[in-house]
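What follows is one structure encoded as structure tokens, with my remarks underneath.
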Amino acid sequence: MDQRNQAGLPAAAPTIDQFAMTVQAGHLIRRCQQRAVDLFVEEVTRDLGEDGPTPRQFAVLLSAHQEPGINQTDLVRQSGIDRSTLTEILRRLIARNLIRREKSPTDRRTNALYITEQGDDLLRRTLPAVIRAQHRIMAPIPTERLENVMATLEILAGD
């Protein structure tokens, strides 16, 4: 019988010829993430065309809407987007007049981010597509397993 460790992996390391990438957690998580992005883009594009936000842009717009004046450090922590990628996302959103950046009134060294009227309009028009995408992402999972799957995803995400 196959001996397994606590993570459910074979106790003995497989050789390169035995290693099956398609059943590795990292590979499956990446495939799930790609499927989620594809469904998000498909739904958003259906409603808004090519002008719709990407998943990361949506996360930034939503955060700026829900927490007016959020700073970039908190946004990195909240969104999981790395600082250099976030800088580029903000550059694009600012250029499209969807986000504005101001010096924080409490700390002049920090930038505060605010959603603009245009950004808020885009966010509201995007929400129905995002909700449809979320339903499609989870559709293959039987209803009775959804709660456990979501709990597992939260654990894996580090939340």
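Filter the range 83-115 down to the residues that are over 17 Å from residue 59 (Cβ atoms) and in contact with a Ser or Thr (Cβ under 9 Å, 6 or more places away or on another chain), then identify the one that is surrounded by the most Cβ atoms within 10 Å (Cβ to Cβ).
Here the answer is 112.
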Enumeration of residues in the range 87-128 that are within 16 Å of residue 65 (Cβ to Cβ), aliphatic (A, V, I, L, M) and assigned to a helix (DSSP H, G or I): 89, 90, 93, 94, 122, 123, 127
Qualifying position, being charged (D, E, K, R), buried (at least 16 other Cβ atoms within 10 Å of the Cβ) and either at pLDDT 95 or above or in contact with a strand residue (DSSP E or B) (Cβ under 7 Å, 6 or more places away or on another chain) (or both), among 136, 125: 136
Does residue 147 satisfy the criteria of being assigned to a helix (DSSP H, G or I) and loosely packed, with under 11 Cβ neighbours inside 10 Å? yes
Do you know which residues across the range 94-136 are closer than 19 Å to residue 47 by Cβ, aliphatic (A, V, I, L, M) and out of contact with any Lys or Arg (no Cβ under 9 Å at 6 or more places or on another chain)? 123, 127, 130, 131, 133
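The values are calculated or read from the model by the stated rules, or taken from the named source; none is laboratory data. No experiment lies behind these values; they were computed from the predicted model shown. As a convention, Cβ positions derive from the backbone with ideal geometry for all residues, glycine included, and neighbour counts pool all protein chains shown.
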